[in-house]
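First comes the structure, then the notes that go with it.
The values are calculated or read from the model by the stated rules, or taken from the named source; none is laboratory data. Every value quoted in this text rests on a predicted model; they were computed, and no experiment measured them. FYI the Cβ positions are ideal-geometry reconstructions off the backbone, even for glycines, and counts take in every protein chain you see. Quick note on the areas: whole protein, heavy atoms, side chains included, nothing else; ligands and nucleic acids left out. Shrake-Rupley method; radii C 1.70, N 1.55, O 1.52, S 1.80 Å.
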Amino acid sequence: MNEFVPLWRRATCAEIAWIDGSGSPAAMTVIPLLDGEVPCAAITYDRAETVASLAGAGEVALAVTDGRVLPAGADAAAVVGTAGVVEHPALDEALLTQELRKFPPSRALADSLLLRRENWWYVARIVVRLDRVHRVHELAPRRDAARDALLVRDDGTGLRLDVATADDWSGSQVALRGTGALRGDGAPVLAHGHDFSPDRERWASWGVRGHLRGDRLEVTSREGVPGLDPRPPRLLERLRRSRALERGCRRGIAAAERGA
């Protein structure tokens, strides 16, 4: 942890991974924040349903794998442990300040008290906070956002993470390469990747689900596609994306209030 916390502090993007209550692997891309010296992430309410499956996970992994945000020559790393999930009507000032620094698009929504009042639905967050550390792993960095992915699975001994490479993720059978043999036993696996533009205006995650047998992924479903649209988003696209985020956050907040 003495090495992981500085890595989490420096990074501008990271991943959280877990196995949900049904045994299905899950992952999300997050902005890495620190609550004091404790790694955490502040999730907007449009992803509340996804976070709900994390709350019951036996183990949760926080990982920094993107080679672009790692120190030169450094390995990627993940810490596996238990995590707490706490809903906040407004994100703590210290955490919000970190997000504004690491994620420039957030400044358009929360860079002043007036903006925070107007965009209360954005400032409201679900904070995922590392509670206890079980183990820390070194991983190979993801160097190619379209070919490298974080593999999430339960290998029979608990939550396991690997970084794997595929030349083509589009087939029904995907041959994978890792730093060592992956030794898949047919259990469910998620290959999770993401890519972003330097200004973070474009940031997209993708996933490929299936069963890992040896070093071969038998695909059952996909979410998104690797790579970014090379075109910057036009004004209408930006407006649609912003409105979709607001609607999703409002729905998530309303559902949480009904549940409470």
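Give me the dipole magnitude in Debye, nearest 20, for segment 121-241 about the Cα centre, with unit charges on the beta carbon: positive for Lys and Arg, negative for Asp and Glu.
420
Whole percent per 5 Å bin, from 0 to the bin with the longest distance: what is P(r) over all C-alpha pairs of segment 118-169?
Bins of 5 Å from zero give 4, 14, 14, 16, 15, 13, 13, 8, 2, 0 percent of pairs.
Expected output is a single nm value to one decimal: the length gained when fully extending between H88 and W120, i.e. 0.36 nm times separation in residues minus the C-alpha distance. What is it?
Gain on extension, H88 to W120, equals 10.4 nm.
Over the chain, average the accessible area per residue using a 1.4 Å probe and give it in Å², no decimals.
Computed with neighbouring chains in place, this is 48 Å² per residue.
Taking the Cα centre of each part, how many Å lie between segment 197-237 and segment 36-69?
18
Roughly how many percent of the accessible protein surface of segment 1-160 is carbon and sulfur, given a 1.4 Å probe and a whole-percent answer? Let's see the in-between values first.
Working: 3460 of 6810 Å².
Exposed carbon and sulfur together represent 51 percent of the surface.
Going by average Cβ density within 10 Å per residue, which order do the peptides 172-183, 136-147, 203-214 take, highest to lowest?
Numbers: 172-183: 14.2, 136-147: 16.7, 203-214: 18.6.
Final packing ranking: 203-214, 136-147, 172-183.
Looking at segment 1-60, which GluC sites (Glu not before Pro) are in a loop (DSSP not H, G, I, E or B) and have at most 15 other Cβ atoms within 10 Å?
Qualifying residues, ordered by number: E3, E37.
Net charge near R213, counting Lys/Arg +1 and Asp/Glu -1 over other residues with Cβ under 11 Å of its Cβ?
Every neighbour counted, the sum reads -1.
For the chain, what does -39500 (n - 2.57) per DSSP helix run (n ≥ 4), summed and divided by total residues, give at 222 nm, in deg cm²/dmol to the nearest 500?
-7000 deg cm²/dmol
Using square roots of five times the C-alpha gyration tensor eigenvalues, list the equivalent-ellipsoid semi-axes of the chain in whole Å, biggest first. Each step should come with its number before you reach the end.
On the way: eigenvalues 167, 85, 70 Å².
Taking √(5λ) for each Cα gyration eigenvalue gives 29, 21, 19 Å.
How high is the relative contact order of the chain, in percent, counting Cα pairs under 8 Å that sit 6 or more residues apart? Don't skip to the answer; put the middle values down first.
Values: 561 pairs, mean separation 48.5, N = 260.
Rounded, it is 19 percent for the chain.
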